[in-house]
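The values are calculated or read from the model by the stated rules, or taken from the named source; none is laboratory data. As the structure is a computational prediction, the values presented were derived from the model and not from experiment. Cβ coordinates were reconstructed from backbone atoms using ideal geometry, including for glycine residues, and neighbour counts include every protein chain displayed. We work out accessible area using only protein heavy atoms, side chains counted, and drop any ligands, DNA or RNA first. Shrake-Rupley method; radii C 1.70, N 1.55, O 1.52, S 1.80 Å.
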Amino acid sequence: MIKRRKHIVPALNTTSTADISFMLLIFFLVASSMDVDKGLLRQLPPADTKEEPLEVDVSKERLMELKITGDNQLMLDGQPVEVSGLRNRVAEFVSRVGSKHLISIDADPNSSYETYFKMQNEIVVAYAMVRNELAKRKFGQPLSRLTNDKRDEVKALLPQRIAEIYHSPLTKEP
């Protein structure tokens with residue numbers, strides 16, 4: 001009689017595979033860097049309230065008007081300007097006028113986000129330049145090397161005074 005042979009299929013011992021994969025997962029989560037969200041430090045307008053906005057008169061000498069048209073043209077006080085040239089003009093304006101300045105931003109709802117953010121980046125860099133110069137004059141060091149208290153003092157002397165005009169979706173004019 002013919003005896004049949006039992007074929008044994010070799011198998012791997014996988015009892016510790018789950019533990020190893022879990023430890024690798026933890027290692028890569030701890031060792032990898034997570035992207036940090038970046039954005040603009042701006043105070044958003046209040047939720048839709050029935051209160052009338054407070055109107056303040058500002059003299060023309062202390063006001064810089066920036067407008068982005070529907071075709072992404074940047075206007076500075078009614079004159080067209082390149083985004084790349086905005087940094088020096090804002091820095092000169094803020095340092096000349098001081099803490100009483102106001103920058104008004106009006107972006108057409110049809111303008112692109114790219115133009116808006118390029119403009120905002122130039123404004124932020126201009127403020128950093130002016131604050132750095134003030135820190136060097138007042139404390140003899142750049143802003144990045146000052147203590148937090150001295151940085152706050154410089155920021156209080158030159159605050160970011162930016163007013164944005166928000167267009168209501170129901171109306172065409174602000």
Give me the pairs, please: first residue somewhere in segment 56-74 and open to solvent by 60 Å² or more (accessible area, probe 1.4 Å), second residue anywhere and modelled with pLDDT of 80 or more and among the small types (Gly, Ala, Ser), beta-carbon distance under 7 Å, and either six or more positions apart or on two chains. Glu65/Ser104; Asn72/Ser111; Asn72/Ser112
In segment 109-123, is there at least one residue being over 21 Å from Glu65 (Cβ atoms), out of contact with any Gly (no Cβ under 8 Å at 6 or more places or on another chain) and surrounded by 17 or more Cβ atoms within 10 Å (Cβ to Cβ)? no
Breaking point among (1) touching a Phe, Trp or Tyr at 6+ places or on another chain (Cβ under 8 Å); (2) open to solvent by 50 Å² or more (accessible area, probe 1.4 Å); (3) within 16 Å of Arg62 (Cα to Cα), for Glu92: (1)
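What number of residues within segment 83-104 satisfy the criterion of being small (Gly, Ala, Ser) and within 17 Å of Leu134 (Cα to Cα)? Before the answer, list the steps.
Let us first name the residues in segment 83-104 that are small (Gly, Ala, Ser), namely 84-85, 91, 95, 98-99, 104.
Applying the additional criterion that residues be within 17 Å of Leu134 (Cα to Cα) yields 91, 95, 98-99.
Residues flagged as small (Gly, Ala, Ser) and within 17 Å of Leu134 (Cα to Cα) within segment 83-104 amount to 4.
Within segment 91-107, which residues are aliphatic (A, V, I, L, M) and over 21 Å from the mean Cα position of the chain (by Cα)?
Val97
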Any residue at all in segment 3-18 that's surrounded by 10 or more Cβ atoms within 10 Å (Cβ to Cβ) and modelled with pLDDT of 75 or more? yes
Failed condition for Tyr127, given (1) open to solvent by less than 50 Å² (accessible area, probe 1.4 Å); (2) in contact with a strand residue (DSSP E or B) (Cβ under 8 Å, 6 or more places away or on another chain); (3) assigned to a helix (DSSP H, G or I), with all others met? (2)
